[in-house]
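Visitor: Would you mind keeping the following structure in view while I ask a few things?
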Amino acid sequence: MTPSALSRAPRQSASVPSRRRPRSGSAALRLQAVAVAVAGTGVLVLAGCGGGNAQAGSGTDGEQAAAAADAASVPAAPARITAGPEAEFDLVPAPGQSVGIAQPVSLHFKRKVKNKAAVEKALTVTASDNAEGSWGWVTTPAGQERLDWRPKEYWKPGTHVRVTGDLTTVDPGGAHFSHPLDSSFTIGADQRLEADLDTHTLTVTHDGNPVQRFKMSGGEPVKDRASRPGTFVIKSKEDSVHMTSASVGGPKAYDTMVKSAMRFTDSGGYVHAAPWAEKAGDLGKRNKSAGCIGLSDANAAWVFKNTRLGDPLVIKGREATGPDGGPGNGYGDWNLTWDQWQTKSATHG
């Protein structure tokens, strides 16, 4: 019972006089009492709580001492850290967002984090279906540190997820966090994309059932143009993107605007409209792109409209020979086994 609650407790009548003068002659003290049911007897006993009419042998002084000892044993709340520059970060997904089944919780830090374990311990991910998961630290191609929480298996559709934590009491290493974290999002339908470079087909499934199959062209199987094999996550959707060979390198020069672009790696991997590939007759027949998954304008527009951020994309096939960009290149967390992913946590072992 808190002190404020005690001050509002009603005075007891008759059995415990509230104005009786104590034998010691000290000033009268207000008595507040709580009723305690004695197990198995049905007898109601009044036990002193806080101040009261202290009488010889009443035990009130001992109870006060015990309460004081208990209060002293409660650890003080951690102090808020304000020294140093602010440790800024972006949280994905955004609050209230509905995302696909492969979307991890992701904190994108603007500066290096030294005390990684302390940051992890301050954060909690709660799923409505009690999904098992683990934090893991990864590095993006640009050298940015990212902390992801990935479930052991894909999220179940309809799951509600909440991310909480008071980072303001955590020292990330010569900096400070400016605010606590409390954000929620939901998981949408089970929708998946699979790009098969052998059959030159992009298949879209919903709840395990194929709903669309589109002719496509993947990366040309030569150095610096081949598609990367593995499991990726649609991380952004852009109506149009300016693509140039100067930004990623490669043996063939190009400079063009593409439409209906859905990004799945930081290094420039997209599913997008490729009308030039349709004109050349490559869709459904040959892998001739610079690593992206190219579709006709109409089919790319359909995928763009119906795909949710966080939907998984699997790229497979004999000609998918691009280098592994690591789990930090896009949300490549799913390219690690569960055991491998857990070792990415700063608290592992």
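The values are calculated or read from the model by the stated rules, or taken from the named source; none is laboratory data. Only a predicted model underlies this, so the values are computations on that prediction, with no experimental measurement involved. Backbone-built Cβ (ideal geometry, glycine too); neighbour counts: all protein chains shown.
Visitor: Looking only at segment 315-349, filter to residues that are under 17 Å from the mean Cα position of the chain (by Cα) and closer than 21 Å to Gln191 by Cβ; which one of those is surrounded by the most Cβ atoms within 10 Å (Cβ to Cβ)?
Guide: Among those that are under 17 Å from the mean Cα position of the chain (by Cα) and closer than 21 Å to Gln191 by Cβ, it is Tyr331.
Visitor: Still on this model: Can you tell which of Asp239, Asp196 is surrounded by fewer than 17 Cβ atoms within 10 Å (Cβ to Cβ), in the same structural domain as Pro275 (by TED's automatic domain parsing) and acidic (Asp, Glu)? Lay out the reasoning, then the answer.
Guide: Working: Asp196 fails: surrounded by fewer than 17 Cβ atoms within 10 Å (Cβ to Cβ).
Going through Asp239, Asp196 in turn, the sole match is Asp239.
Visitor: With respect to Phe185, is the statement that it is in contact (Cβ under 8 Å) with a residue 60 or more places away in the chain, touching a helix residue (DSSP H, G or I) at 6+ places or on another chain (Cβ under 7 Å) and outside any loop (DSSP other than H, G, I, E, B) true? Let's see the steps before the verdict.
Guide: Details: in contact (Cβ under 8 Å) with a residue 60 or more places away in the chain: yes; touching a helix residue (DSSP H, G or I) at 6+ places or on another chain (Cβ under 7 Å): no; outside any loop (DSSP other than H, G, I, E, B): yes.
It is false that Phe185 is in contact (Cβ under 8 Å) with a residue 60 or more places away in the chain, touching a helix residue (DSSP H, G or I) at 6+ places or on another chain (Cβ under 7 Å) and outside any loop (DSSP other than H, G, I, E, B).
Visitor: So, Ala246, is that one assigned to a loop (DSSP other than H, G, I, E, B), surrounded by fewer than 23 Cβ atoms within 10 Å (Cβ to Cβ) and without any contact (Cβ under 8 Å) to a residue 24 or more places away in the chain or not?
Guide: On the way: assigned to a loop (DSSP other than H, G, I, E, B): no; surrounded by fewer than 23 Cβ atoms within 10 Å (Cβ to Cβ): yes; without any contact (Cβ under 8 Å) to a residue 24 or more places away in the chain: yes.
Considered against the rule, which asks whether it is assigned to a loop (DSSP other than H, G, I, E, B), surrounded by fewer than 23 Cβ atoms within 10 Å (Cβ to Cβ) and without any contact (Cβ under 8 Å) to a residue 24 or more places away in the chain, Ala246 comes out as no.
Visitor: Right, another one. Read through the list (1) under 28 Å from the mean Cα position of the chain (by Cα); (2) modelled with pLDDT under 95, then give the number of the only condition that Lys252 fails.
Guide: So the condition that Lys252 fails would be (1).
Visitor: If Gly268 meets every condition in (1) more than 20 Å from Pro141 (Cβ to Cβ); (2) within 34 Å of the chain's Cα centre (by Cα) apart from one, which number is that one?
Guide: (1)
Visitor: Related question: Taking segment 211-233 as the region of interest, how many residues are within 18 Å of Leu283 (Cβ to Cβ) and among the basic types (Lys, Arg)?
Guide: 3
Visitor: Another question, if that's okay. So, of the residues in segment 282-314 that are within 25 Å of the chain's Cα centre (by Cα) and hydrophobic (A, V, I, L, M, F, W, C), which turns out to be nearest to Lys259 (Cα to Cα)?
Guide: Taking the candidates together, the pick is Phe304.
Visitor: Residue pairs, Cβ under 6 Å, 6 or more apart or interchain, first in segment 320-346 and polar (S, T, N, Q), second assigned to a loop (DSSP other than H, G, I, E, B). List them.
Guide: Thr321/Pro221; Thr321/Ala226; Asn329/Pro141; Asn329/Thr265; Asn329/Asp266; Asn329/Ser267; Gln342/His348
Visitor: Shifting gears a bit: Quick one: how many residues across segment 251-291 are in contact with a helix residue (DSSP H, G or I) (Cβ under 8 Å, 6 or more places away or on another chain) and in a helix (DSSP H, G or I)?
Guide: Number satisfying all stated conditions: 2.
Visitor: Next question, about the same structure. Find the residue count for segment 150-167, including only residues that are in contact with a helix residue (DSSP H, G or I) (Cβ under 9 Å, 6 or more places away or on another chain) and either buried (at least 16 other Cβ atoms within 10 Å of the Cβ) or closer than 21 Å to Asp324 by Cβ (or both). Break it down into steps so the answer makes sense when it comes.
Guide: Step one: list which residues in segment 150-167 are in contact with a helix residue (DSSP H, G or I) (Cβ under 9 Å, 6 or more places away or on another chain), which gives 150, 152-154, 165-167.
Those still in the list that are either buried (at least 16 other Cβ atoms within 10 Å of the Cβ) or closer than 21 Å to Asp324 by Cβ (or both) too: 150, 154, 165-167.
Count: 5.
Visitor: Pairs, please: C-beta under 9 Å, at least 6 apart or cross-chain, first residue not assigned by TED's automatic domain parsing to the domain that holds Val222 and in segment 283-295, second surrounded by 24 or more Cβ atoms within 10 Å (Cβ to Cβ)?
Guide: Pairs found: none.
Visitor: Looking at (1) more than 21 Å from Ala94 (Cβ to Cβ); (2) surrounded by 17 or more Cβ atoms within 10 Å (Cβ to Cβ), can you tell me which one Gln212 breaks?
Guide: For Gln212, the exception is condition (2).
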